[in-house]
1. Can you name the residue in region 30-88 that is in contact (Cβ under 8 Å) with a residue 40 or more places away in the chain and β-branched (Val, Ile, Thr) and, of all such residues, is nearest to ASP5 (Cα to Cα)?
2. What about MET94, is it more than 11 Å from the chain's Cα centre (by Cα) and in contact (Cβ under 8 Å) with a residue 12 or more places away in the chain?
3. Can you name the residue in region 97-127 that is β-branched (Val, Ile, Thr) and not in a helix (DSSP H, G or I) and is also farthest from the chain's Cα centre (by Cα) among such residues?
4. Could you tell me whether region 38-50 includes any residue that is part of a helix (DSSP H, G or I), exposed (fewer than 12 other Cβ atoms within 10 Å of the Cβ), within 15 Å of the chain's Cα centre (by Cα) and modelled with pLDDT of 90 or more?
5. Any residue at all in region 86-101 that's touching a helix residue (DSSP H, G or I) at 6+ places or on another chain (Cβ under 7 Å), under 22 Å from LEU9 (Cα atoms) and surrounded by 12 or more Cβ atoms within 10 Å (Cβ to Cβ)?
6. Do we have any residue at all in region 61-76 that's among the hydrophobic types (A, V, I, L, M, F, W, C) and modelled with pLDDT of 90 or more?
7. Is it the case that GLU64 is surrounded by 16 or more Cβ atoms within 10 Å (Cβ to Cβ) and part of a helix (DSSP H, G or I)?
8. Just one of ALA99, ALA47 is of a type in the set (A, V, I, L, M) and within 21 Å of GLN28 (Cα to Cα); which is it?
Amino acid sequence: MGSYDHKDLVKLIVNLSKVTEIPADKLQETFGEVVFVQLLRSLPPAASLNNSNNCFEFIRHVEEYIHVEVKKLYPDAVPPTFDFISESETEMVMDYRSARCMSHVCFGLIKGCSKHFNQEVAIEMSH
């Protein structure tokens, strides 16, 4: 695990987009979806996220566990935040805030999470 400047990832995405002619936001989304499984595997067995029963629980635990742990490891880190506005059994409304303009990576991570829990989700983004 390490700390990397997000600008390096942005440069890679921009260059890959130029070469492949795939829009950068689609590349970010695909990256998020694919990396979800790797991130899940990297969790310690005792992590509270491993006790999640569905996509919504997991997303809540990301804010409660992962972002807290990131701050412990990297005190100067500014992880994204989730502001949960409303939630029911079938709908979660939240604000995702990040200084890194990586909302499409988050979008992909949520898609990867839904696949992991075998749940169909409809995700809407507004800016």
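The values are calculated or read from the model by the stated rules, or taken from the named source; none is laboratory data. Source: prediction; values computed, not measured. Cβ sites come from the backbone with ideal geometry, for glycine too, and all protein chains shown count toward neighbours.
1. VAL35
2. Values: more than 11 Å from the chain's Cα centre (by Cα): yes; in contact (Cβ under 8 Å) with a residue 12 or more places away in the chain: yes.
So MET94 fits the description; yes.
3. In this case the residue turns out to be VAL121.
4. There is at least one residue in region 38-50 that is part of a helix (DSSP H, G or I), exposed (fewer than 12 other Cβ atoms within 10 Å of the Cβ), within 15 Å of the chain's Cα centre (by Cα) and modelled with pLDDT of 90 or more.
5. Yes: one or more hits.
6. no
7. Details: surrounded by 16 or more Cβ atoms within 10 Å (Cβ to Cβ): no; part of a helix (DSSP H, G or I): yes.
No, not satisfied.
8. None of the other options fit; the residue is ALA99.
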